[in-house]
Amino acid sequence: MKTTNSVSILVLISLNFILFILTGCSTKTGLRPAENNGGIVLPDGFAALIVADSLGDGRHIVVNSNGDIYVTLRNLKDGGGVVGLRDTSGDGKADIIKFFGPFSGTGIDIHNGYLYVGADTIVIRYKLIDGELVPNLNYEVIAKGFVPQNQHETKPITFDTIGNMYVTIGAPSNACQEPDRTPGTLGVDPCPLLAQYGGIWRFKADSLNQDQMAQGYRYATGIRNAVALDWNKSANSLYALQHGRDQLSQFWPELYSENEGINLPAEEFFQVKEGSDFGWPYCYFDPFQNKKVLSPEYGGNKTDQGRCADKDQPIMSFPAHIAPNDLIFYSGNNFPEKYQHGAFIAFHGSWNRAPQQQKGYLVAFVPFKGELPSGKWEIFADNFAGSDSIMSPRDSKHRPCGLAQGQDGSLYIVDSVKGKVWRIFYKQ
């Protein structure tokens, strides 16, 4: 009897294995990975499928509780600044794709039944309609009064758990020089831009027509530009990553070698608290000295800290110029235990490491325990660029820009070159 049962079990295992091979290694969720995971490299046990492709220049992404996906576009496509995606067959691929809304931009999130969109000069919301992919297009204005900018103009958004919305307002400057980005020019001191830019502002999530300077509240300052922004519910705190300043060796060649300009400053990961001041434009973070030092525009000599000794410090740093563009904290059940409450970060990739190769173009993972990282960062998803020899961002096949988590714990990534969307899931 025991022998018969053993044989039956072996036969069942063999049949299941054959079925697994014949169905293209589909998982118990019924999702079938794309060939070569759609061109990206993932850790063992993970797979990816392509939800959609060629949507346009995708920015940030959010997934509704019913599985509908929304992506902001840098520029309007087919008359819309947002694209909605719906899978009606259950294979994970979008078979309904609709473009809508007059505002393009970067920020996007869902809060209390509304789809919020952060365009460059305004934050609006659309009322979601049960059963419909496209929301009510009679939008409401939540935050306004943002001055048009020629750099760092994106408006990422996130929400806390008590009814507040947070918006990054990047500085329209590299280091508060006048004129901007000129060799040897000192920075304006104090920097007047900090009154209206270079920080994170807080608004009421459900109040209409809030003006930045009249009803908005400057929650944190000294942040050059933080496109990656998220509220970590498990830590009940705001987090962001800064795009560090550019061109140290180009503008201050007597102080910085070409190699130093390429590798300084670090990209900084912040825990953002009310009243935080991270030091821009007066300071930058040197990862080799592990400290903030005074910028040359304000009399710095590469080592002196000066006023920077009292500025808030990063909780982690990353290589220079690789452009962190989105951040989410994982709360799903699909991924293994090590990923619980950890941070995923989309790095858009560098443009200013010439004449050396450009770097980045990846999604990183940072383990967390409580409010702080509990270990070193690691590459989670790679090979978006399609090559290790990228000399210009124009050579990159894809550039990861936005991240979202689905209800089943899948991780979604959107690319800004062609608008490709990956869905990553754990197979085991």
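The values are calculated or read from the model by the stated rules, or taken from the named source; none is laboratory data. Note that the structure is predicted; figures quoted are calculated from it, not measured. Don't worry about glycine lacking a Cβ; one is built from the backbone with ideal geometry, like all the others, and counts go over all protein chains shown.
In contact with a strand residue (DSSP E or B) (Cβ under 9 Å, 6 or more places away or on another chain), among the polar types (S, T, N, Q) and either closer than 20 Å to residue 116 by Cβ or touching a residue at least 60 places away in the same chain (Cβ under 8 Å) (or both): is that true of residue 276 in this structure? Quick ask: steps written out before the conclusion?
Details: in contact with a strand residue (DSSP E or B) (Cβ under 9 Å, 6 or more places away or on another chain): yes; among the polar types (S, T, N, Q): yes; either closer than 20 Å to residue 116 by Cβ or touching a residue at least 60 places away in the same chain (Cβ under 8 Å) (or both): no.
No, not satisfied.
Check off (1) surrounded by fewer than 18 Cβ atoms within 10 Å (Cβ to Cβ); (2) in contact with a helix residue (DSSP H, G or I) (Cβ under 9 Å, 6 or more places away or on another chain); (3) hydroxyl-bearing (Ser, Thr, Tyr) for residue 303 and give me the number that stays unchecked.
Answer for residue 303: the failing condition is (2).
Residues that are crowded, with 21+ Cβ neighbours inside 10 Å, of a type in the set (Gly, Ala, Ser) and part of a loop (DSSP other than H, G, I, E, B): does region 121-138 have at least one?
There is no residue in region 121-138 that is crowded, with 21+ Cβ neighbours inside 10 Å, of a type in the set (Gly, Ala, Ser) and part of a loop (DSSP other than H, G, I, E, B).
If you take the residues in region 357-379 that are of a type in the set (A, V, I, L, M, F, W, C) and over 14 Å from the mean Cα position of the chain (by Cα), which one is nearest to residue 342 (Cα to Cα)?
Our first condition is that a residue be of a type in the set (A, V, I, L, M, F, W, C); within region 357-379, this holds for 362-366, 368, 372, 377, 379.
Applying the additional criterion that residues be over 14 Å from the mean Cα position of the chain (by Cα) yields 368, 372, 377, 379.
Working: 368: 5, 372: 10, 377: 10, 379: 13 Å.
Restricting to residues being of a type in the set (A, V, I, L, M, F, W, C) and over 14 Å from the mean Cα position of the chain (by Cα), the top hit is 368.
Condition check ((1) out of contact with any Gly (no Cβ under 7 Å at 6 or more places or on another chain); (2) closer than 17 Å to residue 48 by Cβ; (3) in a strand (DSSP E or B)) across all residues:
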| site | (1), (2), (3) |
| --- | --- |
| 333 | no, no, no |
| 345 | yes, no, yes |
| 351 | yes, no, no |
| 357 | yes, no, no |
| 379 | yes, yes, yes |
| 387 | yes, no, no |
| 397 | no, yes, no |
| 402 | no, yes, yes |
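Among the numbered criteria (1) closer than 28 Å to residue 165 by Cα; (2) of a type outside the set (D, E, K, R); (3) surrounded by 16 or more Cβ atoms within 10 Å (Cβ to Cβ), which one does residue 275 miss?
(3)
Do the conditions hold for residue 37, that is, is it surrounded by 13 or more Cβ atoms within 10 Å (Cβ to Cβ), modelled with pLDDT of 95 or more, polar (S, T, N, Q) and on the phi > 0 side of the Ramachandran plot? So that I can check it myself, show each step before the final result.
On the way: surrounded by 13 or more Cβ atoms within 10 Å (Cβ to Cβ): yes; modelled with pLDDT of 95 or more: yes; polar (S, T, N, Q): yes; on the phi > 0 side of the Ramachandran plot: yes.
Considered against the rule, which asks whether it is surrounded by 13 or more Cβ atoms within 10 Å (Cβ to Cβ), modelled with pLDDT of 95 or more, polar (S, T, N, Q) and on the phi > 0 side of the Ramachandran plot, residue 37 comes out as yes.
Would you confirm whether or not region 190-204 contains a residue that is in a loop (DSSP other than H, G, I, E, B) and surrounded by fewer than 21 Cβ atoms within 10 Å (Cβ to Cβ)?
yes
Quick check: is even one residue across region 44-62 farther than 21 Å from residue 386 by Cα, assigned to a loop (DSSP other than H, G, I, E, B) and within 22 Å of the chain's Cα centre (by Cα)? Steps first, answer last, please.
First pass over region 44-62, keeping only residues farther than 21 Å from residue 386 by Cα: 45, 60-62.
Then drop every residue that is not assigned to a loop (DSSP other than H, G, I, E, B), which leaves 45.
If we keep only those that are within 22 Å of the chain's Cα centre (by Cα) too, we end up with none.
Within region 44-62, none of the residues are farther than 21 Å from residue 386 by Cα, assigned to a loop (DSSP other than H, G, I, E, B) and within 22 Å of the chain's Cα centre (by Cα).
Is at least one residue of region 168-179 of a type in the set (D, E, K, R), surrounded by fewer than 14 Cβ atoms within 10 Å (Cβ to Cβ), within 24 Å of residue 268 (Cα to Cα) and out of contact with any strand residue (DSSP E or B) (no Cβ under 6 Å at 6 or more places or on another chain)? Before the answer, list the steps.
Step one: filter region 168-179 for residues of a type in the set (D, E, K, R), giving 178.
Then drop every residue that is not surrounded by fewer than 14 Cβ atoms within 10 Å (Cβ to Cβ), which leaves 178.
Subset that is within 24 Å of residue 268 (Cα to Cα): none.
Within region 168-179 (the criterion being of a type in the set (D, E, K, R), surrounded by fewer than 14 Cβ atoms within 10 Å (Cβ to Cβ), within 24 Å of residue 268 (Cα to Cα) and out of contact with any strand residue (DSSP E or B) (no Cβ under 6 Å at 6 or more places or on another chain)), the answer is no, since none of the residues qualifies.
Can you spot a residue in region 68-89 that is under 19 Å from the mean Cα position of the chain (by Cα), at pLDDT 95 or above and in a loop (DSSP other than H, G, I, E, B)?
No, every residue in region 68-89 fails to be under 19 Å from the mean Cα position of the chain (by Cα), at pLDDT 95 or above and in a loop (DSSP other than H, G, I, E, B).
Given the conditions (1) within 20 Å of residue 70 (Cα to Cα); (2) touching a residue at least 60 places away in the same chain (Cβ under 8 Å); (3) not acidic (Asp, Glu), which single one is not true for residue 428?
Tallying (1) within 20 Å of residue 70 (Cα to Cα); (2) touching a residue at least 60 places away in the same chain (Cβ under 8 Å); (3) not acidic (Asp, Glu), residue 428 fails exactly one: (1).
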